[in-house]
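First the structure, in the form of C-alpha coordinates, and then the observations on it.
The values are calculated or read from the model by the stated rules, or taken from the named source; none is laboratory data. What you see is a predicted model, and the numbers here were worked out from it, not measured in a lab. Neighbour counts run over all protein chains shown; Cβ positions are idealised from the backbone, glycine included. The protein model used for the area step is the full one, side chains on, heavy atoms only, and it has no ligands, DNA or RNA in it. Shrake-Rupley method; radii C 1.70, N 1.55, O 1.52, S 1.80 Å.
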Amino acid sequence: MSYRAIQVGTGGQGENWCAEFLAPYVEDGTVEVVAAVDVDEGQHENAVEHLGVDPARCYTEFETAFAEVDADFCTVVVPPWVHEDVIDAAIEHDLHVLSEKPIADTLEASVRIADKIERAGLKMGVTMSHRYDRDKTTLRRRLRADESGPLDYLVGRFTCNARSYGTWGAFRHEMEDVLMIEGAVHQLDFIADMAGSRCETIYADTWKPEWAEYEGDVQALVQLRFENGVRATWEGAKSNAVTLNGWKGDYLRAECRDETLVLDDRELTRYPYEASAEGVMGGLDDGVGERVPLDEREAWGNTWLVGQFLAWLDGGAEMETNVADNLQSMALIEAAMRSSRTDEPVRVQELLAKTRESVSPTQ
(Lines give C-alpha, C1' and ligand atoms only; values in the text may rest on other atoms or scores of the structure.)
Protein backbone atom coordinates (compact mmCIF):
# COMPACT_ATOMS: atom_id res chain seq x y z
CA MET A 1 0.00 0.00 0.00
CA SER A 2 1.15 3.56 -0.70
CA TYR A 3 0.99 6.19 2.04
CA ARG A 4 0.88 9.97 1.78
CA ALA A 5 3.23 11.75 4.15
CA ILE A 6 3.98 15.28 5.31
CA GLN A 7 7.61 15.83 6.27
CA VAL A 8 7.84 18.28 9.18
CA GLY A 9 11.44 19.48 9.39
CA THR A 10 13.69 19.49 6.32
CA GLY A 11 16.85 21.15 7.65
CA GLY A 12 19.50 19.67 9.97
CA GLN A 13 18.48 16.08 10.73
CA GLY A 14 15.49 16.70 8.47
CA GLU A 15 17.88 16.80 5.51
CA ASN A 16 18.93 13.23 6.35
CA TRP A 17 15.27 12.22 6.43
CA CYS A 18 14.82 13.66 2.95
CA ALA A 19 18.03 12.34 1.41
CA GLU A 20 18.41 8.99 3.18
CA PHE A 21 15.61 7.71 5.42
CA LEU A 22 12.48 8.37 3.36
CA ALA A 23 14.02 8.42 -0.12
CA PRO A 24 14.10 4.61 -0.65
CA TYR A 25 10.37 4.34 0.13
CA VAL A 26 9.57 7.22 -2.21
CA GLU A 27 11.59 5.53 -4.94
CA ASP A 28 9.73 2.20 -4.59
CA GLY A 29 6.33 3.91 -4.41
CA THR A 30 5.53 2.96 -0.82
CA VAL A 31 5.49 6.62 0.28
CA GLU A 32 4.46 9.81 -1.50
CA VAL A 33 5.61 12.91 0.34
CA VAL A 34 2.81 15.31 -0.47
CA ALA A 35 4.05 18.31 1.53
CA ALA A 36 7.02 19.53 3.55
CA VAL A 37 7.41 22.00 6.39
CA ASP A 38 10.34 23.99 7.71
CA VAL A 39 10.49 27.44 9.27
CA ASP A 40 13.53 28.16 7.07
CA GLU A 41 12.36 28.39 3.47
CA GLY A 42 15.92 27.78 2.31
CA GLN A 43 15.70 24.22 3.64
CA HIS A 44 12.65 23.35 1.52
CA GLU A 45 14.97 22.47 -1.35
CA ASN A 46 15.93 19.25 0.46
CA ALA A 47 12.36 17.98 0.14
CA VAL A 48 12.05 19.21 -3.45
CA GLU A 49 15.32 17.64 -4.57
CA HIS A 50 15.26 14.32 -2.75
CA LEU A 51 11.56 13.60 -2.28
CA GLY A 52 10.03 15.26 -5.31
CA VAL A 53 7.80 17.58 -3.29
CA ASP A 54 6.05 20.29 -5.31
CA PRO A 55 7.54 23.67 -4.24
CA ALA A 56 3.97 24.94 -3.95
CA ARG A 57 3.45 22.33 -1.21
CA CYS A 58 6.36 23.54 0.95
CA TYR A 59 5.26 25.44 4.04
CA THR A 60 6.74 27.35 6.96
CA GLU A 61 3.82 26.48 9.29
CA PHE A 62 2.76 22.92 9.99
CA GLU A 63 -0.81 23.95 10.83
CA THR A 64 -1.27 25.29 7.29
CA ALA A 65 0.24 22.21 5.70
CA PHE A 66 -2.01 19.86 7.70
CA ALA A 67 -5.09 21.92 6.85
CA GLU A 68 -4.42 22.19 3.12
CA VAL A 69 -2.94 18.78 2.25
CA ASP A 70 -4.54 15.36 2.75
CA ALA A 71 -2.10 12.79 4.17
CA ASP A 72 -1.94 9.53 6.09
CA PHE A 73 0.94 10.32 8.43
CA CYS A 74 3.51 12.95 9.26
CA THR A 75 7.11 12.84 10.38
CA VAL A 76 8.29 15.06 13.24
CA VAL A 77 11.90 16.18 12.88
CA VAL A 78 11.92 19.41 14.85
CA PRO A 79 13.27 20.39 18.32
CA PRO A 80 11.74 18.33 21.17
CA TRP A 81 9.98 21.31 22.76
CA VAL A 82 7.92 21.72 19.55
CA HIS A 83 6.86 18.07 19.32
CA GLU A 84 3.66 18.31 21.33
CA ASP A 85 2.30 21.22 19.28
CA VAL A 86 2.99 19.37 16.01
CA ILE A 87 1.50 16.12 17.30
CA ASP A 88 -1.61 17.91 18.60
CA ALA A 89 -2.18 19.32 15.12
CA ALA A 90 -1.53 15.90 13.56
CA ILE A 91 -4.14 14.32 15.83
CA GLU A 92 -6.62 17.04 14.88
CA HIS A 93 -6.17 16.02 11.24
CA ASP A 94 -6.23 12.26 11.94
CA LEU A 95 -2.58 11.70 11.01
CA HIS A 96 -0.40 8.87 12.29
CA VAL A 97 2.98 10.07 13.54
CA LEU A 98 6.60 8.98 13.14
CA SER A 99 8.82 11.14 15.33
CA GLU A 100 12.49 11.65 16.03
CA LYS A 101 13.53 10.99 19.61
CA PRO A 102 12.79 12.02 22.27
CA ILE A 103 8.99 11.94 22.41
CA ALA A 104 9.08 15.47 23.85
CA ASP A 105 11.25 17.69 26.03
CA THR A 106 9.76 16.49 29.35
CA LEU A 107 8.36 13.28 30.76
CA GLU A 108 5.06 15.05 31.47
CA ALA A 109 4.69 16.15 27.85
CA SER A 110 5.64 12.67 26.66
CA VAL A 111 2.95 11.07 28.83
CA ARG A 112 0.38 13.54 27.52
CA ILE A 113 1.34 12.75 23.92
CA ALA A 114 1.12 8.98 24.45
CA ASP A 115 -2.28 9.39 26.10
CA LYS A 116 -3.65 11.61 23.32
CA ILE A 117 -2.41 9.25 20.60
CA GLU A 118 -4.09 6.29 22.32
CA ARG A 119 -7.39 8.11 22.79
CA ALA A 120 -7.34 9.18 19.13
CA GLY A 121 -6.83 5.60 17.99
CA LEU A 122 -3.72 6.59 16.02
CA LYS A 123 -0.28 5.03 15.70
CA MET A 124 2.94 6.76 16.70
CA GLY A 125 6.49 5.46 16.48
CA VAL A 126 9.71 6.98 17.82
CA THR A 127 12.95 6.49 15.89
CA MET A 128 15.40 5.22 18.50
CA SER A 129 17.94 4.69 15.75
CA HIS A 130 20.91 3.51 17.83
CA ARG A 131 18.94 0.48 19.00
CA TYR A 132 18.68 -0.55 15.34
CA ASP A 133 22.32 -0.07 14.36
CA ARG A 134 23.91 -3.09 12.74
CA ASP A 135 26.30 -3.83 15.60
CA LYS A 136 23.73 -3.50 18.39
CA THR A 137 21.17 -5.53 16.45
CA THR A 138 23.71 -8.37 16.18
CA LEU A 139 24.44 -8.27 19.91
CA ARG A 140 20.73 -8.10 20.80
CA ARG A 141 19.93 -11.08 18.58
CA ARG A 142 22.68 -13.15 20.19
CA LEU A 143 21.52 -12.31 23.70
CA ARG A 144 17.89 -13.06 22.92
CA ALA A 145 18.79 -16.36 21.25
CA ASP A 146 20.32 -17.55 24.57
CA GLU A 147 23.55 -18.54 22.85
CA SER A 148 25.48 -16.94 25.70
CA GLY A 149 23.54 -18.30 28.65
CA PRO A 150 21.78 -15.98 31.13
CA LEU A 151 22.83 -12.33 31.08
CA ASP A 152 24.35 -11.12 34.37
CA TYR A 153 25.30 -7.47 33.78
CA LEU A 154 26.19 -4.86 31.16
CA VAL A 155 28.84 -2.15 30.98
CA GLY A 156 28.53 0.74 28.52
CA ARG A 157 30.89 3.57 27.57
CA PHE A 158 30.39 6.75 25.52
CA THR A 159 33.37 9.03 26.14
CA CYS A 160 34.57 11.89 23.97
CA ASN A 161 37.08 14.73 23.67
CA ALA A 162 34.58 17.52 22.97
CA ARG A 163 35.29 19.99 25.76
CA SER A 164 35.69 23.22 23.74
CA TYR A 165 32.72 25.46 22.93
CA GLY A 166 31.03 24.52 19.68
CA THR A 167 32.61 21.06 19.35
CA TRP A 168 29.28 19.35 20.04
CA GLY A 169 27.11 22.00 18.38
CA ALA A 170 26.94 25.41 20.03
CA PHE A 171 23.39 25.04 21.38
CA ARG A 172 24.36 21.94 23.38
CA HIS A 173 27.06 23.86 25.23
CA GLU A 174 24.32 26.09 26.63
CA MET A 175 21.91 23.33 27.72
CA GLU A 176 21.27 22.03 31.21
CA ASP A 177 21.64 18.24 31.60
CA VAL A 178 22.94 18.08 28.03
CA LEU A 179 24.67 14.70 28.34
CA MET A 180 21.49 13.06 29.61
CA ILE A 181 19.15 14.71 27.11
CA GLU A 182 21.33 14.55 23.99
CA GLY A 183 23.48 11.48 24.68
CA ALA A 184 22.06 9.12 27.29
CA VAL A 185 18.64 9.18 25.61
CA HIS A 186 20.08 6.72 23.08
CA GLN A 187 22.66 4.98 25.26
CA LEU A 188 20.42 4.08 28.19
CA ASP A 189 17.67 3.07 25.78
CA PHE A 190 19.71 0.41 24.03
CA ILE A 191 21.22 -0.78 27.32
CA ALA A 192 17.69 -1.34 28.65
CA ASP A 193 16.80 -3.07 25.39
CA MET A 194 19.77 -5.44 25.81
CA ALA A 195 18.76 -6.12 29.42
CA GLY A 196 15.37 -7.22 28.13
CA SER A 197 13.48 -5.75 31.06
CA ARG A 198 12.09 -2.53 32.49
CA CYS A 199 14.47 -0.56 34.69
CA GLU A 200 13.66 -0.81 38.39
CA THR A 201 16.11 1.69 39.92
CA ILE A 202 18.69 4.11 38.61
CA TYR A 203 21.42 6.07 40.36
CA ALA A 204 23.24 8.78 38.41
CA ASP A 205 26.12 11.06 39.34
CA THR A 206 26.63 13.85 36.78
CA TRP A 207 28.99 16.82 36.88
CA LYS A 208 30.97 19.38 34.84
CA PRO A 209 34.76 19.63 35.23
CA GLU A 210 36.29 23.10 35.25
CA TRP A 211 37.85 22.65 31.80
CA ALA A 212 34.54 21.80 30.09
CA GLU A 213 33.12 24.76 28.17
CA TYR A 214 29.48 23.89 28.87
CA GLU A 215 26.70 25.32 31.00
CA GLY A 216 25.39 21.90 32.07
CA ASP A 217 26.79 18.58 33.25
CA VAL A 218 28.73 16.61 30.64
CA GLN A 219 30.22 13.72 32.65
CA ALA A 220 28.21 10.89 34.18
CA LEU A 221 28.48 7.57 35.97
CA VAL A 222 25.16 5.71 36.05
CA GLN A 223 24.08 2.51 37.77
CA LEU A 224 20.92 0.64 36.71
CA ARG A 225 19.07 -2.38 38.11
CA PHE A 226 16.38 -4.04 36.01
CA GLU A 227 13.27 -5.93 37.08
CA ASN A 228 14.70 -9.24 35.80
CA GLY A 229 17.79 -8.90 38.01
CA VAL A 230 20.20 -7.70 35.33
CA ARG A 231 22.49 -4.83 36.36
CA ALA A 232 24.20 -2.24 34.19
CA THR A 233 26.68 0.59 34.53
CA TRP A 234 27.20 3.39 32.03
CA GLU A 235 30.04 5.88 31.69
CA GLY A 236 29.37 9.01 29.67
CA ALA A 237 31.72 11.95 29.08
CA LYS A 238 32.12 14.87 26.70
CA SER A 239 35.22 16.53 28.13
CA ASN A 240 37.83 13.78 28.36
CA ALA A 241 41.35 14.02 26.93
CA VAL A 242 40.59 11.49 24.21
CA THR A 243 37.57 10.00 22.44
CA LEU A 244 37.50 6.31 23.30
CA ASN A 245 33.96 5.57 22.10
CA GLY A 246 32.20 8.43 20.37
CA TRP A 247 28.88 8.75 18.56
CA LYS A 248 27.93 5.36 17.04
CA GLY A 249 31.31 3.93 18.05
CA ASP A 250 29.86 2.75 21.35
CA TYR A 251 31.34 0.25 23.79
CA LEU A 252 29.03 -2.28 25.41
CA ARG A 253 30.15 -5.38 27.30
CA ALA A 254 27.68 -8.14 28.16
CA GLU A 255 28.74 -10.52 30.91
CA CYS A 256 26.87 -13.81 30.52
CA ARG A 257 27.21 -17.25 32.09
CA ASP A 258 28.83 -18.90 29.07
CA GLU A 259 30.68 -16.03 27.41
CA THR A 260 31.65 -12.39 27.55
CA LEU A 261 30.53 -10.32 24.56
CA VAL A 262 32.37 -7.08 23.78
CA LEU A 263 30.99 -4.54 21.32
CA ASP A 264 33.61 -1.89 20.64
CA ASP A 265 33.54 0.64 17.80
CA ARG A 266 31.37 -1.46 15.46
CA GLU A 267 33.09 -4.78 16.13
CA LEU A 268 31.64 -7.62 18.23
CA THR A 269 33.91 -10.19 19.88
CA ARG A 270 32.98 -13.20 22.01
CA TYR A 271 35.15 -14.68 24.75
CA PRO A 272 33.82 -18.14 25.74
CA TYR A 273 34.09 -19.43 29.28
CA GLU A 274 36.96 -21.88 29.72
CA ALA A 275 37.18 -23.74 33.04
CA SER A 276 40.88 -24.38 32.47
CA ALA A 277 41.58 -20.65 32.25
CA GLU A 278 40.17 -19.74 35.65
CA GLY A 279 42.37 -17.47 37.75
CA VAL A 280 42.87 -13.92 39.02
CA MET A 281 46.27 -13.02 37.58
CA GLY A 282 47.19 -11.48 34.23
CA GLY A 283 44.88 -10.56 31.37
CA LEU A 284 43.66 -11.69 27.99
CA ASP A 285 46.03 -13.50 25.70
CA ASP A 286 46.16 -12.34 22.08
CA GLY A 287 43.84 -14.27 19.82
CA VAL A 288 41.58 -15.58 22.57
CA GLY A 289 38.50 -13.77 21.32
CA GLU A 290 36.39 -14.83 18.36
CA ARG A 291 35.02 -12.14 16.04
CA VAL A 292 31.23 -12.39 15.57
CA PRO A 293 30.07 -11.53 12.03
CA LEU A 294 27.61 -8.66 12.01
CA ASP A 295 24.09 -9.24 10.73
CA GLU A 296 23.22 -8.45 7.12
CA ARG A 297 20.16 -6.56 5.91
CA GLU A 298 19.37 -3.82 3.38
CA ALA A 299 18.64 -1.00 5.82
CA TRP A 300 19.63 0.01 9.33
CA GLY A 301 18.79 2.74 11.83
CA ASN A 302 16.13 5.24 10.85
CA THR A 303 15.68 3.79 7.36
CA TRP A 304 14.81 0.42 8.89
CA LEU A 305 12.52 2.10 11.43
CA VAL A 306 10.59 3.87 8.66
CA GLY A 307 9.99 0.43 7.16
CA GLN A 308 8.81 -0.94 10.51
CA PHE A 309 6.38 1.98 10.84
CA LEU A 310 4.96 1.43 7.36
CA ALA A 311 4.55 -2.30 8.03
CA TRP A 312 2.66 -1.41 11.22
CA LEU A 313 0.36 0.90 9.24
CA ASP A 314 -0.22 -2.04 6.89
CA GLY A 315 -1.53 -4.07 9.84
CA GLY A 316 1.73 -5.76 10.76
CA ALA A 317 3.44 -6.03 14.11
CA GLU A 318 3.51 -2.97 16.35
CA MET A 319 6.87 -1.19 16.40
CA GLU A 320 8.90 -1.98 19.52
CA THR A 321 9.60 1.76 19.75
CA ASN A 322 5.91 2.72 19.73
CA VAL A 323 5.15 5.83 21.79
CA ALA A 324 3.63 3.97 24.75
CA ASP A 325 6.61 1.64 25.19
CA ASN A 326 9.08 4.44 24.51
CA LEU A 327 7.89 6.20 27.66
CA GLN A 328 10.32 3.82 29.38
CA SER A 329 13.20 5.59 27.64
CA MET A 330 11.92 9.02 28.67
CA ALA A 331 11.42 7.82 32.26
CA LEU A 332 15.03 6.58 32.36
CA ILE A 333 16.39 10.01 31.43
CA GLU A 334 14.09 11.90 33.80
CA ALA A 335 14.94 9.50 36.63
CA ALA A 336 18.68 9.86 35.97
CA MET A 337 18.47 13.66 36.10
CA ARG A 338 16.45 13.55 39.33
CA SER A 339 18.89 11.09 40.86
CA SER A 340 21.85 13.33 40.12
CA ARG A 341 20.12 16.36 41.65
CA THR A 342 19.07 14.53 44.82
CA ASP A 343 22.05 12.18 45.15
CA GLU A 344 19.56 9.37 45.66
CA PRO A 345 18.52 6.36 43.58
CA VAL A 346 15.18 6.77 41.80
CA ARG A 347 12.59 4.03 41.29
CA VAL A 348 11.84 4.42 37.59
CA GLN A 349 8.44 2.73 37.38
CA GLU A 350 7.16 4.65 40.40
CA LEU A 351 8.26 7.90 38.77
CA LEU A 352 6.45 7.00 35.55
CA ALA A 353 3.30 5.95 37.42
CA LYS A 354 3.23 9.17 39.45
CA THR A 355 3.72 11.22 36.29
CA ARG A 356 0.81 9.42 34.65
CA GLU A 357 -1.36 10.16 37.69
CA SER A 358 -0.40 13.82 37.65
CA VAL A 359 -1.19 14.34 33.97
CA SER A 360 -4.89 14.83 33.42
CA PRO A 361 -6.27 12.66 30.60
CA THR A 362 -8.13 15.72 29.33
CA GLN A 363 -4.95 17.72 28.71
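Yes or no, residue by residue, for (1) touching a residue at least 12 places away in the same chain (Cβ under 8 Å); (2) touching a strand residue (DSSP E or B) at 6+ places or on another chain (Cβ under 6 Å); (3) under 18 Å from Gly301 (Cβ atoms); (4) of a type in the set (A, V, I, L, M):
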residue: Met1; (1), (2), (3), (4): yes, no, no, yes
residue: Val8; (1), (2), (3), (4): yes, yes, no, yes
residue: Asp40; (1), (2), (3), (4): yes, no, no, no
residue: Val86; (1), (2), (3), (4): yes, yes, no, yes
- Those residues of region 1-32 which are buried (at least 18 other Cβ atoms within 10 Å of the Cβ) and at positive phi amount to Gly9
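The rows are residues; the columns are (1) touching a helix residue (DSSP H, G or I) at 6+ places or on another chain (Cβ under 9 Å); (2) part of a loop (DSSP other than H, G, I, E, B); (3) closer than 28 Å to Leu352 by Cβ.
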{"site": "His173", "(1), (2), (3)": "no, no, no"}
{"site": "Ser197", "(1), (2), (3)": "no, yes, yes"}
{"site": "Thr206", "(1), (2), (3)": "yes, no, yes"}
{"site": "Glu210", "(1), (2), (3)": "no, yes, no"}
{"site": "Gly229", "(1), (2), (3)": "no, yes, yes"}
{"site": "Glu235", "(1), (2), (3)": "no, no, yes"}
{"site": "Leu252", "(1), (2), (3)": "yes, no, yes"}
{"site": "Arg270", "(1), (2), (3)": "yes, no, no"}
- Working only within region 300-312, note down all residues that are surrounded by 16 or more Cβ atoms within 10 Å (Cβ to Cβ) and either hydrophobic (A, V, I, L, M, F, W, C) or within 13 Å of Cys199 (Cα to Cα) (or both). Trp300, Trp304, Leu305, Val306, Phe309, Leu310, Trp312
- Candidate set: region 244-282, residues that are of a type in the set (Val, Ile, Thr) and more than 23 Å from Met128 (Cα to Cα); chosen: the one surrounded by the fewest Cβ atoms within 10 Å (Cβ to Cβ): Val280
- Note on the structure: Pairs returned, first residue in region 210-233 that is under 14 Å from His173 (Cβ atoms), second residue that is modelled with pLDDT under 95 and open to solvent by 10 Å² or more (accessible area, probe 1.4 Å), beta-carbon separation under 6 angstrom, 6 or more apart or interchain, are Glu215/Glu174; Gly216/Met175; Gly216/Glu176; Gly216/Asp177
- Task: Can you tell me which residue among Gly289, Gly307 is out of contact with any Gly (no Cβ under 8 Å at 6 or more places or on another chain) and modelled with pLDDT of 95 or more?
- Result: Gly307
- Residue, farthest from Val262 (Cα to Cα), within region 170-185, restricted to residues that are open to solvent by 10 Å² or more (accessible area, probe 1.4 Å) and either of a type in the set (Phe, Trp, Tyr) or under 14 Å from the mean Cα position of the chain (by Cα) (or both): Phe171
